[in-house]
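Everything on this sheet refers to the single structure shown next.
The values are calculated or read from the model by the stated rules, or taken from the named source; none is laboratory data. No experiment lies behind these values; they were computed from the predicted model shown. Backbone-built Cβ (ideal geometry, glycine too); neighbour counts: all protein chains shown.
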Amino acid sequence: MHADGEMNPEEILRLRERYVGPSLSISYREPLDIVRGEGQYLFDEEGRAYLDCVNNVCHVGHCHPRVVEAAARQMALLNTNTRYLHGHLVEYARRLAGTMPGDLEVCFFVCSGSEANELALRLARSATGRRGVIVVEGAYHGNTSGLIEISPYKFDGPGGEGRPAHVRVAPMPDGYRGTYRYGDPGIAARYAAAVADEIAGTRAEGREIAAFFCESMLGCAGQIVLPDGYLDEAYGHVREAGGVCVADEVQVGFGRVGSRFWAFETQGVVPDIVTLGKPIGNGHPIGAVVTTRRVAEAAHTGMEYFNTFGGNPVSSAVALAVLDVIEEEGLQAHSASVGAHLKTNLESLAERHPIVGDVRGLGLFLGIELVREAESLTPATREAAEVVERMKDRGVLLSTDGPFENVIKIKPPLVFSRENADQLAAGLDEVLGEIEPRAKM
Ligand SMILES: Cc1ncc(COP(=O)(O)O)c(C=O)c1O
């Protein structure tokens, strides 16, 4: 029986097909009916536990009691828009600004990563009076019309209409299969020079750039770690051209990368605008934009920015609780140590299984790129999908991404333990052993 006593999976699927928009896909060949979450585990309608290796939204663990309690308490007391004075909003803004380096101290509150990037785009355009945007190949910045236009993942993907005239795309700084590769001492400067080329290309078309948007680690593009020094050099080119540097931390912020609280800090840069989403509310829909006073004031045209739900007392209480849990449970340091342990295990898989072409990532944001052959780097797309399916059958949830859908993504809730890491690596070892003969065919 279904845990909520109402519908079985077949019935849910039937109603979904009948009443829910068709452009929304479902994970796995046989969809899961998940009814409960706790920590790093999800449970289906029959009570079967799945180890969640992919949900970077429920950052401090599914249904963390501290977060649930903060939401419930505030929900029972008051929830309004932010045109009244409320302590939670300013307390959270103060705490959030306190985690940021440099002059990043002015916060705007929204309800999703898309809303955060949409506002960042607007701030950059208002502050500079320009429209041009440089983005990185394979990037995804959100689901609004304005963000589809700056997301090559979408405009160059299925159903996409190609690159709009005001957007230019810099090559993905991918040291594994990109133009410049691991071991090239000039890799960061070369990829950053390609950003400068796109700025020149924008100018050649009679435009100037408002902004350079870049994720601090590339998620949808395939869990790519930016080469050391890339953002520093790229930001230099962008600032020289009068553009604003936007760091999209929607996937990778809040201590996930382990060594630093924000992933852009691993690049030694201070962006002009930082956008936040997913983990900020542990599943509650919150997002934020943090910028400098200089950008905020330059962008202040007189038009009000009002967001009915953004920063409401419940959302602020939730976000405060998430920060408390990260601090009190030491989750950033935990991510560093469990992530390093897991990465070592995955690297040893690469020694045993030739299909594992590359293991990369920081903290608990890791990727395994599967290839059929080391020389040609032919993507093992079908095999990657098969690994994900077979791991699911073993009770471990993963997903794939990257331009060839051959990168297995690992980005679990940060409460993921060393034992979980060992279970994941042992499962992958078995499954890769099973599918390898097919890969060699
Ligand atoms: C890097 C990045 N930015 C922005 C977004 C959009 O966030 P949301 O789905 O919360 O609107 C996503 C979502 O996957 C993302 O990965």
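In segment 353-400, the residue that is surrounded by the fewest Cβ atoms within 10 Å (Cβ to Cβ) out of those that are in a strand (DSSP E or B) and of a type in the set (Asp, Glu) is Glu373. In segment 154-181, how many are within 19 Å of Ile224 (Cβ to Cβ), surrounded by fewer than 17 Cβ atoms within 10 Å (Cβ to Cβ) and over 23 Å from the mean Cα position of the chain (by Cα)? Count: 2. Inspect all residues belonging to segment 256-265 and state whether any of them is within 13 Å of the ligand (Cβ to nearest atom), acidic (Asp, Glu) and at pLDDT 95 or above. No, every residue in segment 256-265 fails to be within 13 Å of the ligand (Cβ to nearest atom), acidic (Asp, Glu) and at pLDDT 95 or above. Among the residues of segment 96-117, the ones that are assigned to a loop (DSSP other than H, G, I, E, B) and away from the ligand (no atom under 16 Å from the Cβ) come to 5 in all. Kindly establish whether Arg125 is surrounded by fewer than 22 Cβ atoms within 10 Å (Cβ to Cβ), away from the ligand (no atom under 15 Å from the Cβ), of a type in the set (D, E, K, R) and in a helix (DSSP H, G or I). Judged against the criteria, Arg125 is a match.
The residue list Tyr28, Tyr92, Tyr19 contains one member that is farther than 30 Å from Phe306 by Cβ and in contact with a helix residue (DSSP H, G or I) (Cβ under 6 Å, 6 or more places away or on another chain), which is Tyr28.
Out of all the residues in segment 156-175, which are within 15 Å of the ligand (Cβ to nearest atom) and touching a residue at least 12 places away in the same chain (Cβ under 8 Å)? Within segment 156-175, Met172 is the sole residue that qualifies. None of Leu51, Leu15, Leu24, Leu42 is outside any loop (DSSP other than H, G, I, E, B) and surrounded by fewer than 17 Cβ atoms within 10 Å (Cβ to Cβ) except Leu15.
When Glu351, Glu304, Glu297 are checked against the criterion of being assigned by TED's automatic domain parsing to the domain that holds Ser417, free of Cβ contacts under 8 Å to residues at least 12 places away in the same chain and more than 16 Å from the ligand (Cβ to nearest atom), Glu351 stands alone in meeting it. Looking across segment 200-227 at every residue that is surrounded by fewer than 24 Cβ atoms within 10 Å (Cβ to Cβ) and under 21 Å from Thr275 (Cβ atoms), the one that is farthest from the ligand (Cβ to nearest atom) is identified as Val225. On the given criteria, is Gly206 in contact with a Cys (Cβ under 8 Å, 6 or more places away or on another chain) and either touching a residue at least 24 places away in the same chain (Cβ under 8 Å) or not in a strand (DSSP E or B) (or both)? No, not satisfied.
From Tyr153, Tyr230, Tyr140, Tyr191, grab the single residue that is in contact with a helix residue (DSSP H, G or I) (Cβ under 8 Å, 6 or more places away or on another chain), within 16 Å of the ligand (Cβ to nearest atom) and at pLDDT 95 or above. Sole residue among the options that is in contact with a helix residue (DSSP H, G or I) (Cβ under 8 Å, 6 or more places away or on another chain), within 16 Å of the ligand (Cβ to nearest atom) and at pLDDT 95 or above: Tyr140. Looking across segment 233-255 at every residue that is part of a loop (DSSP other than H, G, I, E, B) and closer than 13 Å to Cys214 by Cβ, the one that is farthest from the ligand (Cβ to nearest atom) is identified as Gly243. Listed conditions (1) polar (S, T, N, Q); (2) under 20 Å from Ala116 (Cα atoms); (3) without any contact (Cβ under 8 Å) to a residue 60 or more places away in the chain are all met by Gln267, apart from (2).
Here is a check on your reading of the model: is Ala120 in a helix (DSSP H, G or I), in contact (Cβ under 8 Å) with a residue 12 or more places away in the chain and more than 16 Å from the ligand (Cβ to nearest atom)? Spelling it out, it is not the case that Ala120 is in a helix (DSSP H, G or I), in contact (Cβ under 8 Å) with a residue 12 or more places away in the chain and more than 16 Å from the ligand (Cβ to nearest atom). The selection criterion, being within 13 Å of the ligand (Cβ to nearest atom), within 20 Å of the chain's Cα centre (by Cα) and either assigned by TED's automatic domain parsing to the domain that holds Cys220 or in a loop (DSSP other than H, G, I, E, B) (or both), does not hold for Ala319.
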